[in-house]
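Everything on this sheet refers to the single structure shown next.
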Amino acid sequence: MGRCPGAHVRVFTALPAVSPTGVGSPHRTGARPLATHGRLGVSLETGTPDILSVTDSVLPSALARARGGAFYLHGDDLFRKEEAVRALIANHLDPATKDFNLDPLRGTDVDAETLASVLATPPMMAEWRCVVLREVEGLASGKHAREALMKVVASPPPGLALIMSGTVPQGSRAKFYKELARTAQSLEFPEFSEADVPGWIMDRAREVHSVEFEIAAAQALGAAIGTNLGVLSQELEKLAGFVGDAAVVTVADVEAAGTKLPTQDRWRWFDMVGDRKFRDAVEGLGILMGQGESGVSLVIGLSTQFLRLGVASEGGSRELEGVLPPHQKWRAKRIGSQAKRWPRRELEAALDGLLRADRLLKASPHTDHHFVEEWLLALMARAELA
């Protein structure tokens, strides 16, 4: 496949359109669908305001087939960005001639003359030559080096694959970055979402290490490590060696391998609420708050959980799976099972309560714990009266 100048791919999926009558569903009359409830500003897919979710591809299919030209990889996720650099190199270079045709440079320490010379060098005994320019932001303030680079980006010579990676400085309005994204084949790697971590762990363990993870083990490991995919990748490698021929990694395996797990994690706690284990959830709330969780963060996560329960209640697990991002599709079956336990009026009451809690958390001097606990106790009281 030839070069596609200006092709920009953001490495996540866009939020699907939520119609006034339900996600992806035909027009219905009657009550307002739960997927459109309220104004919490929460994405049905991710549970975070205005943050879209990451796909599981190292390279989108269009760029996985691309050969030659200029590639611009940018964003805050260093791990996936570097994996994409390695994937593009592997797509272009034969191992037998790789040493002759791979030039690694850094924008922070390359001068205009060296850069122009390297970019003009043809392949040796191979079809392609790869020039990997990391920290490309280092050229933003150097006029001559920047002009030498942009000349090649606009019209790459035959046989060149120019792979640039970098991070746009926060708040920067420099035209350099916009021009790179417009002219090169561009991939953006935004910061990874916490909601995607358990699914990423399960997928990565299966694809790279041929090891299966229990859902609870993936959630616990994700809660312990966070969104640092480089550290998570190292932990998965360690666990794969630890379990050996065992079929499945359990929570006990994660602990035995030396990972210190939190007493409570937010994903298991959300499931307690979804499973209507309100007394356990009230007890677990204090532990979560003690571990540093904020009320606003929990309300956002709960809002996503209940919007998803609403979709599953109205359209079933299959409809919910269709709107979940790749690393979260495994949640559809679990949430579909939970949705069967929730009458519509209770789902609506829960979402109304979260709207109220969201407003109070932002305006009241009371503690975060107070308002989330109040919301849980109201659910418990309603359930006992039913």
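Residues that are within 16 Å of Arg268 (Cα to Cα): find the helices (runs of 4 or more DSSP H) completely inside region 280-386 holding 1 or more of those.
The qualifying helices (runs of 4 or more DSSP H) are 295-323, 331-339, 368-385.
Kindly check whether there is at least one residue in region 232-245 that is under 25 Å from Leu302 (Cα atoms) and surrounded by fewer than 17 Cβ atoms within 10 Å (Cβ to Cβ).
Within region 232-245 (the criterion being under 25 Å from Leu302 (Cα atoms) and surrounded by fewer than 17 Cβ atoms within 10 Å (Cβ to Cβ)), the answer is no, since none of the residues qualifies.
May I ask you to verify whether Glu214 is surrounded by fewer than 18 Cβ atoms within 10 Å (Cβ to Cβ) and either more than 15 Å from the chain's Cα centre (by Cα) or assigned by TED's automatic domain parsing to the domain that holds Leu88 (or both)?
yes
Which is surrounded by fewer than 15 Cβ atoms within 10 Å (Cβ to Cβ) and small (Gly, Ala, Ser), of Ala112, Ala140, Ala148, Ala120?
One residue alone meets the criteria, Ala120.
Does region 270-279 hold any residues that are surrounded by fewer than 17 Cβ atoms within 10 Å (Cβ to Cβ) and part of a helix (DSSP H, G or I), and which are they?
Arg279
Filter region 321-330 down to the residues that are in contact (Cβ under 8 Å) with a residue 40 or more places away in the chain and either acidic (Asp, Glu) or crowded, with 21+ Cβ neighbours inside 10 Å (or both), then identify the one that is nearest to Met272 (Cα to Cα).
Filtering first and then ranking leaves Gln328.
Under 7 Å by Cβ, and 6 or more places apart or on different chains, what pairs join a residue from region 289-315 that is surrounded by fewer than 24 Cβ atoms within 10 Å (Cβ to Cβ) with one that is aliphatic (A, V, I, L, M) and not in a helix (DSSP H, G or I)?
So the pair list comes out as Ile300/Val42; Thr304/Val42; Thr304/Leu44.
The values are calculated or read from the model by the stated rules, or taken from the named source; none is laboratory data. Predicted, not measured: the structure shown is a model, and the values here were computed from it. Positions of Cβ are backbone-derived with ideal geometry, glycine not excepted, and every protein chain shown enters the neighbour counts.
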